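One structure below.
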Amino acid sequence: MANSADLTVDGKTYSFPTLEGTENEKAFDISNLRDQTGYVTLDRGYKNTGATKSAITFLDGEKGILQYRGYSIEDLAAKASFLGVAYLLIYGELPTQTQYDKFESDIRHHTMVNEDMRKIFDGFPVDAHPMGVLSSLVSAMSAFYPDSNDEDNTDLHIIRLLAKLPTIATWSYKRSKGHPMNYPQNKLDYIQNFLNMMFALPVEDYTVDPVVVEALNVLLILHADHEQNCSTSTVRLVGSSQANIYSSISAGISALWGPLHGGANQEVIEMLENIKADGGDVSKYIEMAKNAKSTGFRLFGFGHRVYKNFDPRAKIIKKAADDVLSKLGVNDPILDIAKGLEEAALNDEYFVSRKLYPNVDFYSGIIYRALGIPTNMFTVMFAIGRLPGWIAQWKEMRENKEPIGRPRQIYTGPTHRDFVPVEKR
Ligand code: ACO
């Protein structure tokens with residue numbers, strides 16, 4: 001690889017260093033571009049911009065590779081537990097048994113939330129979307145832990161976030177149903193606790209189904225990190241102003257909510273439901289998506305900013321959807337519609353030429369539905385899965401003492417004008 005790259009502008013040539021990551025991704029280091037040339041770069045949507053150096057997650061969108069700290073997503077999904085993966089992402093290595101036991105036990109013993117937080121839930125309308133509630137409550141945690149910016153306590157804040165997010169998430173659901181909120185139970189592990197808080201009712205026994213636990217374990221691992229995506233970049237950007245970890249993660253939750261990002265999993269199921277209600281004619285919807293500019297309709301769960309051959313997570317999830325539905329004896333007609341849609345799209349020139357493939361959100365909602373998780377909680381599930389990644393990225397950004405994030409712009413507004421008094425406008 002060349003050690004430098006030359007740029008000739010206005011007749012003058014400038015030299016910029018190049019650099020290469022451990023997986024051979026190449027970059028121009030333009031840190032001094034503006035100082036030297038007076039120019040900035042324009043890269044809407046950051047399609048070509050490396051915002052940071054990171055040692056957490058590697059992905060190759062052309063080859064469909066995803067690795068957390070060097071371990072392949074396929075291996076982790078098959079062999080690891082979600083909390084083991086969380087530890088790996090946050091602390092850089094797979095935990096020893098002793099490290100894992102402590103981490104798991106610390107999380108298990110921090111799942112309760114301050115009783116005053118319950119009062120905040122009462123202030124929301126019952127039909128509030130759980131993502132809005134989740135983001136607000138996570139932000140509110142900074143009020144309950146005023147030492148939230150004390151770096152000596154970072155590990156404790158990390159434990160608190162991991163432990164309490166499922167409690168807050170399930171409470172937002174319980175409140176929307178008008179059901180009593182369930183307290184966490186220390187005898188249950190992370191995923192069992194989530195399921196118990198989500199589904200147990202005081203009037204009958206609830207037994208956690210191991211098939212459901214295993215399915216959720218895989219789904220959460222697949223969502224755990226995805227390098228500098230929209231919500232993660234948001235977490236790092238907010239955190240770069242030295243905002244505390246709770247506010248930074250709360251901002252990430254809000255970014256995830258959008259339908260072009262994590263909110264797509266809810267949109268996918270609603271889209272599949274509409275297709276079913278409309279007679280199940282997938283070709284009609286393929287045509288609508290091909291004319292997205294006039295119809296405004298996109299095939300949700302299709303396309304990805306970085307994956308241009310396939311999304312390795314979607315491959316695992318598609319198989320998991322088949323397995324889980326058959327183990328649970330669920331026959332969901334929208335799974336067939338999803339497969340029909342995928343097949344039609346993968347054989348259509350419009351989708352092939354634009355390299356549009358099913359992404360992680362295409363089949364995940366079908367599994368969540370089979371597990372009994374309501375549609376408006378799908379993106380919350382994504383947030384629970386993504387939390388370790390956000391934490392790891394926030395921590396790395398702080399430890400690397402990154403400067404405050406502050407992009408430039410190309411101004412296109414009016415040039416200087418004199419103020420016009422109101423009577424003359
Ligand atoms: N359906 C129909 N056409 C699409 C779709 C889609 N789902 N996605 C992209 N296209 C088309 C665009 O119209 C555009 O066509 P053109 O070249 O004729 O103008 C072309 O493909 C490129 O699309 P862009 O929007 O420029 O690609 P970008 O990389 O900016 O967007 C994104 C990626 C946002 C994921 C997009 O594919 C999309 O909106 N998909 C649907 C929403 C979705 O599933 N989001 C979840 C992503 S995964 C995640 O965040 C966890």
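The values are calculated or read from the model by the stated rules, or taken from the named source; none is laboratory data. All values reported here derive from a predicted model rather than from experimental measurement. Cβ sites come from the backbone with ideal geometry, for glycine too, and all protein chains shown count toward neighbours. Surface areas here come from the heavy atoms of the whole protein model, side chains and all, with no ligands, DNA or RNA. Shrake-Rupley method; radii C 1.70, N 1.55, O 1.52, S 1.80 Å.
Determine, yes or no, whether Lys401 is within 17 Å of the chain's Cα centre (by Cα), modelled with pLDDT of 95 or more and away from the ligand (no atom under 16 Å from the Cβ). So Lys401 does not fit the description; no. Residues in segment 262-321 that are acidic (Asp, Glu) and in a helix (DSSP H, G or I) were compared, and the one that is farthest from the ligand (Cβ to nearest atom) is Glu273.
Among the residues of segment 329-343, the ones that are surrounded by fewer than 16 Cβ atoms within 10 Å (Cβ to Cβ) and assigned to a helix (DSSP H, G or I) come to 3 in all.
Which of the residues spanning segment 361-376 are under 26 Å from Ser139 (Cβ atoms), within 16 Å of the ligand (Cβ to nearest atom) and either among the aliphatic types (A, V, I, L, M) or under 11 Å from the mean Cα position of the chain (by Cα) (or both)? Within segment 361-376, Asp361 is the sole residue that qualifies.
For segment 90-103, the criterion of a residue being open to solvent by less than 70 Å² (accessible area, probe 1.4 Å) and under 23 Å from Gln228 (Cβ atoms) is satisfied by at least one position. Would you call Thr415 open to solvent by less than 40 Å² (accessible area, probe 1.4 Å), of a type outside the set (D, E, K, R) and either assigned to a loop (DSSP other than H, G, I, E, B) or under 25 Å from Ala320 (Cβ atoms) (or both)? Judged against the criteria, Thr415 is not a match. What is the residue count in segment 178-227 for residues that are open to solvent by less than 40 Å² (accessible area, probe 1.4 Å), assigned to a loop (DSSP other than H, G, I, E, B) and out of contact with any Lys or Arg (no Cβ under 6 Å at 6 or more places or on another chain)? Count: 8. Taking residues in segment 137-154 that are in a helix (DSSP H, G or I), and partners anywhere that are at pLDDT below 90, the pairs with Cβ atoms closer than 8 Å and at least 6 places apart or on different chains are Met141/Ser148; Ser142/Ser148. For segment 21-48, residues that are out of contact with any strand residue (DSSP E or B) (no Cβ under 9 Å at 6 or more places or on another chain) and surrounded by 15 or more Cβ atoms within 10 Å (Cβ to Cβ) total 0.
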